[in-house]
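Student: Structure incoming, see below.
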Amino acid sequence: MAWTAFLGLAIVRPGVDAFERRLVDVCWNIPSEWNAIADVAMKSGAVDSNIDGKRAPWRQASVVPVADRRLAVVTVSDMRRSRASLVTDDYKVLGRFERTTADPALVTDETRAYKPLTHIWPLVEHDGRLLTLVAFAPLKSEPPTTGVFAYLGVGARDSELLFVCQLRWGPGPTYVLLDRGDLDGGGPGDLMLYANGRRDAAPVAKFQWDPAQREYVATITGVAKPLASWWTTSSSNRVTIQPDAAIDDAVSPIVARFGSDAVLSSRPESR
Amino acid sequence: MSFVSPLAFAARALLSPWSLGHRSERLSAFAAISLAGIFVTAAVALSTLLSTWTYLAGKGLLVSIGEMDMGRDDLPADSVSQVLGALAGSAITWTCLLAVAVFVCVAVADALYHHDREAWRMAIERTSVLTIWFVVWALLMIAANSVRQGEVRHPAAAIRAYAQLNQRWFRGPSAENPGPIEREPLVAHGRVRILAIAFPLVWSVAMPQPTRGRRRARAVIVLLALTLSWLAWAAAWRLLPWVAIDAFAG
């Protein structure tokens with residue numbers, strides 16, 4: 001009788017997954033155990049563990065604060081294609097997007113605090129989307145001063161490309177640092193470029209969000225022009241990316257249109 | 001029936017467990033419980049030794065408290081209390097897992113000797129003394145890890161390599177230039193799987209003949225014990241929260 005009940009329990013597994021999820025709650029507080037969050041998210045089906053129809057061989061999770069709550073950024077990857085899911089502590093997926101990159105350093109990210117694949121700055125929630133800056137080259141314990149960066153609004157149904165820029169170093173050397181400012185203005189925040197990383201000086205370029213046109217309006221000094229190329233969304237030309245499409249495919253044509261040293265405000269075909 | 005020295009009994013359990021099945025020698029209850037306590041504690045200590053948390057605590061002890069993390073990867077540092085708490089959690093987890101292994105034996109013995117309490121007591125005594133094989137298993141896991149990591153002469157380096165692979169799922173010291181993706185097979189569920197398959201083999205050959213009722217051939221007793229043990233393990237396996245166990249055991 002006891003054996004029959006035991007075997008019956010093993011077949012039905014009543015409450016085992018819920019119990020496991022409850023146990024793993026403590027892992028949200030321990031950085032070395034964050035990957036258990038990814039395991040539970042995949043096991044529960046909240047996060048698709050397959051990449052290109054095969055079970056992804058690699059996973060990772062990190063926990064980031066967003067306003068008054070925290071989210072787990074769960075990445076599954078085969079080191080060629082990666083899917084990032086932004087998951088609440090009750091394993092609800094608020095948004096996800098995919099990346100294609102052959103550079104493992106972009107995916108595994110050796111340095112602390114910077115996650116070039118998914119979020120360089122802390123995530124910000126705005127208008128039902130999670131705003132995040134992602135990089136297209138690995139960052140080695142450095143703020144964004146060189147390479148291509150995309151500012152995304154990540155949602156549950158799709159992601160919207162808000163801003164793309166390419167930063168480069170000039171002679172001297174001179175460079176600009178990309179930073180986010182004024183998040184209380186009701187929009188996704190303004191973006192600034194600071195010469196040689198000097199946040200205490202006035203920005204050499206400012207991209208202010210225009211809520212009426214839903215685009216960034218640029219104010220650029222001569223210093224910044226040779227160091228940055230940029231693209232902005234607009235109300236007439238929004239670029240949305242489906243969750244299973246790689247954002248790299250949306251960003252690449254924009255970057256391809258950037259001149260080597262000219263500042264452009266170009267817009268690709270809508271996707 | 002004769003009572004024998006616990007040490008002699010343990011030595012026989014280690015060297016020729018099958019010989020226990022032929023004899024009617026007994027252990028006192030105190031000796032049986034003491035031996036089981038000693039062997040399970042030793043196995044838990046050895047299992048916890050091969051744990052990510054041991055590496056983290058050791059790193060904090062030898063380097064600095066600020067280094068109680070996985071080093072050059074993308075994680076912020078764990079706090080001292082988190083690492084020490086998790087190290088204790090690892091020991092508790094291993095204790096629970098070995099308790100499951102003992103419980104499986106007790107349950108199977110109960111099924112085998114349901115109407116024969118004398119034989120059941122003998123089976124429990126033998127189970128207690130056979131927990132010496134938990135120590136063998138734990139030592140073998142440490143040795144297997146050293147061989148797998150190519151660090152036979154440097155067990156500490158092998159434990160470090162285990163911790164890094166367990167955490168990162170790729171080899172190599174650098175996340176910037178990671179080696180091939182690889183999952184650590186000797187995490188908790190991997191080690192327990194080996195125990196769940198191998199321990200019943202040893203345990204079942206040490207089971208006594210029934211002292212009353214229908215006499216069965218010894219091979220039948222062994223096969224029944226083995227089959228029921230594996231069945232119980234398969235059922236227990238489905239009921240255990242392995243993600244949490246792997247995380248806590250380190």
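Student: Which percent of Cα-Cα pairs in the protein assembly as shown sits in each 10 Å bin, short to long?
Tutor: Using 10 Å bins, I get a P(r) of 4, 16, 23, 19, 14, 10, 7, 4, 2, 0 for the protein assembly as shown.
Student: Which of the listed residues, B:Trp133, B:Cys96, B:Ile221, is farthest toward the dipole's positive end in chain B, when Lys, Arg count +1 and Asp, Glu count -1 at the beta-carbon?
Tutor: Positive-most Cα among the choices belongs to B:Ile221.
Student: Return the value, in Å² to the nearest 100, of accessible area buried between chains B and A (probe 1.4 Å, both sides summed).
Tutor: What B and A bury together is about 3500 Å².
Student: Compare each residue of region A:12-31 in its chain alone against the assembly with all protein chains, and report those whose accessible area goes down by 10 Å² or more; 1.4 Å probe, heavy atoms.
Tutor: A:Arg13, A:Val16, A:Phe19, A:Glu20, A:Leu23, A:Val24, A:Val26, A:Cys27, A:Asn29, A:Ile30, A:Pro31
Student: Applying 1/(1 + (r/R0)^6) with R0 = 25 Å to the Cβ-Cβ distance of B:Arg238 and B:Arg218, what FRET efficiency is obtained, to the nearest 0.05?
Tutor: 0.20
Student: Residues with beta-carbon under 12 Å from that of B:Ser28, excluding B:Ser28: net charge, scoring Lys, Arg +1 and Asp, Glu -1?
Tutor: Summing Lys and Arg as +1 and Asp and Glu as -1 gives 0.
Student: With unit charges on the beta carbons (Lys and Arg positive, Asp and Glu negative) and the dipole taken about the Cα centre of the protein assembly as shown, which residue among A:Val124, B:Phe248, B:Cys105 sits farthest to the positive side?
Tutor: About the Cα centre, the residue reaching furthest to the positive side is B:Cys105.
Student: For a label point 7 angstrom out from the Cα of B:Arg117 toward its Cβ, which stretches of region B:190-218 have the backbone nitrogen within less than 11 Å?
Tutor: none
Student: Along the Cα→Cβ direction, 7 angstrom out, place labels at B:Ser64 and B:Thr227. What is the inter-label distance in nm?
Tutor: Once both label points are built, they end up 6.3 nm from each other.
Student: Suppose each label sits 7 Å from its Cα in the direction of the beta carbon; what would the B:Leu201-A:Thr240 distance come out to in nanometres?
Tutor: In this crude spin-label approximation the distance works out to 5.9 nm.
Student: With a 1.4 Å probe and every protein chain left in place, tell me how much accessible area B:Trp242 has, in Å² to the nearest 10.
Tutor: Surface accessible to solvent at B:Trp242 totals approximately 30 Å².
Student: Treat each spin label as a single point 7 Å out from the Cα along the C-beta direction, and report the B:Ser19 to B:Thr211 distance in nm.
Tutor: 2.3 nm
Student: If Lys and Arg each add +1 and Asp and Glu each add -1, what is the summed charge of the other residues whose beta carbon sits under 15 Å from the beta carbon of B:Glu182?
Tutor: +4
Student: I've got another one for you. Put +1 on the Cβ of each Lys and Arg and -1 on the Cβ of each Asp and Glu in chain B; which of B:Gln82, B:Tyr162, B:Val187 then has its Cα farthest toward the positive end of the dipole?
Tutor: So the residue we want is B:Val187.
Student: Please work out the FRET efficiency for the pair B:Ala157 and B:Asp110, using the Cβ-Cβ distance as r and a Förster radius of 45 Å; give the result to the nearest 0.05.
Tutor: 0.50
Student: Further, regarding this structure: Please give the peptides A:35-41, B:142-148 ranked by average Cβ packing (other Cβ atoms within 10 Å per residue), highest first, as a rough proxy for protection.
Tutor: Ranking the peptides A:35-41, B:142-148 by packing returns A:35-41, B:142-148.
Student: Could you sort B:Arg193, B:Arg168, A:Arg21 by accessible area so the largest value comes first, with the probe set to 1.4 Å?
Tutor: Ranking B:Arg193, B:Arg168, A:Arg21 by accessible area, largest first, yields B:Arg193, A:Arg21, B:Arg168.
Student: How much net charge surrounds B:Arg238 when only the other residues with a Cβ under 14 Å from the Cβ of B:Arg238 are counted, with Lys and Arg +1 and Asp and Glu -1?
Tutor: After counting each charged neighbour, the total is +1.
Student: So if each residue of separation counts as 0.36 nm, and I subtract the Cα-Cα distance between A:Leu9 and A:Asn29, what length gain in nm does that give?
Tutor: Extra length from A:Leu9 to A:Asn29 when fully extended: 4.1 nm.
Student: For A:Lys140, give me every one of the lysines with a C-alpha distance below 29 angstrom, ignoring sequence neighbours fewer than eight places off in its own chain.
Tutor: Here the lysines satisfying the reach criterion relative to A:Lys140 are A:Lys115, A:Lys206, A:Lys225, B:Lys59.
Student: Subtract the Cα-Cα distance of A:Asp17 and A:Ala201 from 0.36 nm times their separation in residues, and report this length gain in nm to one decimal.
Tutor: Result for the pair: 60.9 nm of gain on full extension.
Student: I would also like to ask the following. Quick one: if you take sqrt(5λ) for each eigenvalue of the C-alpha gyration tensor of region B:30-151, what semi-axes come out, biggest first, whole angstrom?
Tutor: Square roots of five times the eigenvalues give 37, 15, 12 Å.
Student: A follow-up question, please. Out of every Cα pair in chain A, what percent are spaced more than 22 Å from each other?
Tutor: 59 percent
Student: Considering only protein heavy atoms, what per residue accessible area in square angstrom results for region B:93-210 with a 1.4 angstrom probe?
Tutor: The answer is 39 Å² per residue.
Student: For chain A, with only Lys/Arg (+1) and Asp/Glu (-1) charged at the beta-carbon, what is the dipole magnitude about the Cα centre, in debye rounded to 20?
Tutor: Value, rounded to 20: 300 debye.
The values are calculated or read from the model by the stated rules, or taken from the named source; none is laboratory data. All of these numbers come straight from a predicted model, not from anything done at the bench. Note: ideal-geometry Cβ built from the backbone for every residue, glycine included; neighbour counts use all protein chains shown. In case anyone asks, the SASA skips ligands and DNA or RNA and just uses the protein heavy atoms, side chains included. Shrake-Rupley method; radii C 1.70, N 1.55, O 1.52, S 1.80 Å.
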